[in-house]
Amino acid sequence: MLATEALAGLALEAGGYYVDATFGRGGHTALILQALGPEGRVLALDRDPQAIAAGKRHFAHEVRLTLAHASFADLAALVPAHAHQHPCRGVLFDLGVSSPQLEDPRRGFSFRADGPLDMRMDPTRGEPVSAWLARARDDEIRQVIATFGEERFARRIAQAIVTRRSKGALENTAELASLVAAAVRTREPGKHPATRTFQALRMFINDELGQLERGLHAALEVLAAGGRLAVISFHSLEDRVVKRFMQRESQVNPALGELPAIPAEARPRLKLIGRKLRPSEEELARNPRARSALLRVAERQP
Ligand SMILES: C[S@@+](CC[C@H](N)C(=O)[O-])C[C@H]1O[C@@H](n2cnc3c(N)ncnc32)[C@H](O)[C@@H]1O
């Protein structure tokens, strides 16, 4: 399982301090806690208040765990505030949406069940997709769907949305899904024709790639020397951000690398650990949604 590999990548120490940056329903947190001793500690974050509320109920008696409703983009401030001087030995990111988010039609992530067109991971901030679609320009909608959904029919979909909204607000997932299905000319095997558009709108409304950039930088700030960074991404756009970040940070700064003695600030801050890993066939058979998941691990250098 990729979760097992991610945990192995963290090289857990019984008394270490770890951050689960994407708590979800706490599957990874539970595995980390199992591997830690009484002195070990976990700080788990999620930007979804429902995830944190469920976690507080489920882990009510777990004194080694601190749960915080926060974005991982703010890790650099959160860890010092909670860690009480403990060196941070590892940060885990398991990106994307959780099953409870996808399966609850009221959250608006699903094209399979009807619900309000929301898609915010944190419904206490920002605006729902419906509000953005009501005011965005045709070309902005097209660009979002083309960029984050890598959707060939983005222009037709954007036009269909703009035509439809001239008759009144577009507020439900089922209506958007059927409007997109009518605008998409071809069919990808095993994929609902609205998959790409829903993915694009979700990534945009939650600024997922921007958050990821900030989260990775922040993780590097808080990790102690020798601490591990493990990232599970769910599709190629996310993985590209992770890959580029890890590559950049694991090379000598080329602007300073030519100097006779490499100054401390030019030394790589990360060392890549192992190769990127994909889920096994067995895991994919159990969980087809993991088909594009990828794990990358790196170690913070002194
Ligand atoms: C794939 S799920 C994690 C599942 C989790 N590892 C488990 O075992 O249950 C991703 C979670 O990350 C959260 N998330 C996504 N972006 C986030 C961010 N910028 N900051 C904090 N949490 C985020 C989502 O709300 C979601 O609950």
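Values in this text are rule-based calculations from the coordinates and carry no lab data. All values reported here derive from a predicted model rather than from experimental measurement. Methodologically, a virtual Cβ is constructed for each residue, glycine included, from the backbone with ideal geometry; neighbour enumeration extends over all protein chains shown.
Extension gain, E213 to A264, is 16.0 nm, computed as 0.36 nm per intervening residue step minus the present C-alpha separation. Counting only Cα atoms, segment 126-281 measures 67, 39, 26 Å along its principal axes, largest extent leading.
Using the Karplus relation 6.51 cos²θ - 1.76 cosθ + 1.60 with θ = phi - 60°, the per-residue 3J(HN,Hα) values for segment 294-301 come to 9, 10, 10, 10, 9, 10, 5, 8 Hz, with x marking Gly and Pro. The equivalent ellipsoid that matches the C-alpha gyration tensor of segment 63-159 spans semi-axes of 34, 16, 13 angstrom, in descending order. Semi-axes of the equivalent ellipsoid for segment 1-87, computed as √(5λ) from the eigenvalues of its C-alpha gyration tensor and ordered from largest down, come to 18, 16, 13 Å.
Counting every Cα pair in segment 89-134, what percent are over 18 Å apart?
35 percent
With the highest mean first, a sort of the peptides 290-298, 261-269 on other beta-carbon atoms found within 10 angstrom per residue produces 290-298, 261-269. When the alpha-carbon atoms of segment 233-289 are used, the pair Rg, Dmax equals 16.7, 54 angstrom. Computed on the Cα trace of the chain, the radius of gyration divided by the Kirkwood hydrodynamic radius gives Rg/Rh = 1.00.
Can you give me the convex hull volume of the Cα atoms of segment 10-50, divided per residue and expressed in Å³?
With only Cα atoms used, segment 10-50 gives 63 Å³ per residue.
The charge dipole of the chain, taken about the Cα centre with unit charges on the Cβ atoms of Lys, Arg (+1) and Asp, Glu (-1), comes to about 700 debye, rounded to the nearest 20.
Pop the C-beta distance of S280 and S178 into the FRET formula with R0 = 30 Å and round what comes out to the nearest 0.05. In this case the efficiency is close to 0.25.
Over all distinct alpha-carbon pairs, what is the Kirkwood Rh of segment 113-197 in angstrom?
Values: mean 1/r = 0.0761 Å⁻¹.
Computed over segment 113-197, the radius equals 13.1 Å.
Whole-Hz Karplus values for segment 30-44 come out as 4, 5, 5, 4, 4, 7, 8, x, x, 8, x, 9, 10, 9, 10 Hz, taken residue by residue from phi with 6.51 cos²θ - 1.76 cosθ + 1.60 and θ = phi - 60°; glycine and proline positions read x. Database remark: amide H of C88 closer than 5 angstrom to the amide H of A224 (H placed geometrically; neighbours at sequence offset of 5 or more, or on other chains; Pro and chain starts carry no H). Roughly speaking, what is the centre-to-centre gap between segment 282-299 and segment 134-202 when only Cα atoms are used, to the nearest Å? Between the Cα centres of segment 282-299 and segment 134-202 lies a distance of 27 Å. Close amide H pairs (under 5 Å, H built 1.01 Å from N) link I273 with V297, A298, E299, residues at least 5 positions away or on another chain. Across all C-alpha atoms in segment 190-260, the radius of gyration and Dmax reach 16.2, 57 Å.
Here the chain carries DSSP beta bridges of which approximately 40% are antiparallel, counting only pairs with both residues inside. Proximity of backbone amide H atoms, modeled 1.01 Å from N, is registered between R41 and G16, Y17, Y18 at under 5 Å, excluding neighbours fewer than 5 places apart on the same chain.
List the aspartates and glutamates whose Cα lies under 17 Å from the Cα of K167, skipping any in the same chain that are fewer than 8 positions away. Qualifying aspartates and glutamates at Cα under 17 Å: D138, E175.
Given +1 at the Cβ of Lys and Arg, -1 at the Cβ of Asp and Glu and no other charges, the dipole of segment 114-258 around its Cα centre is 560 debye to the nearest 20.
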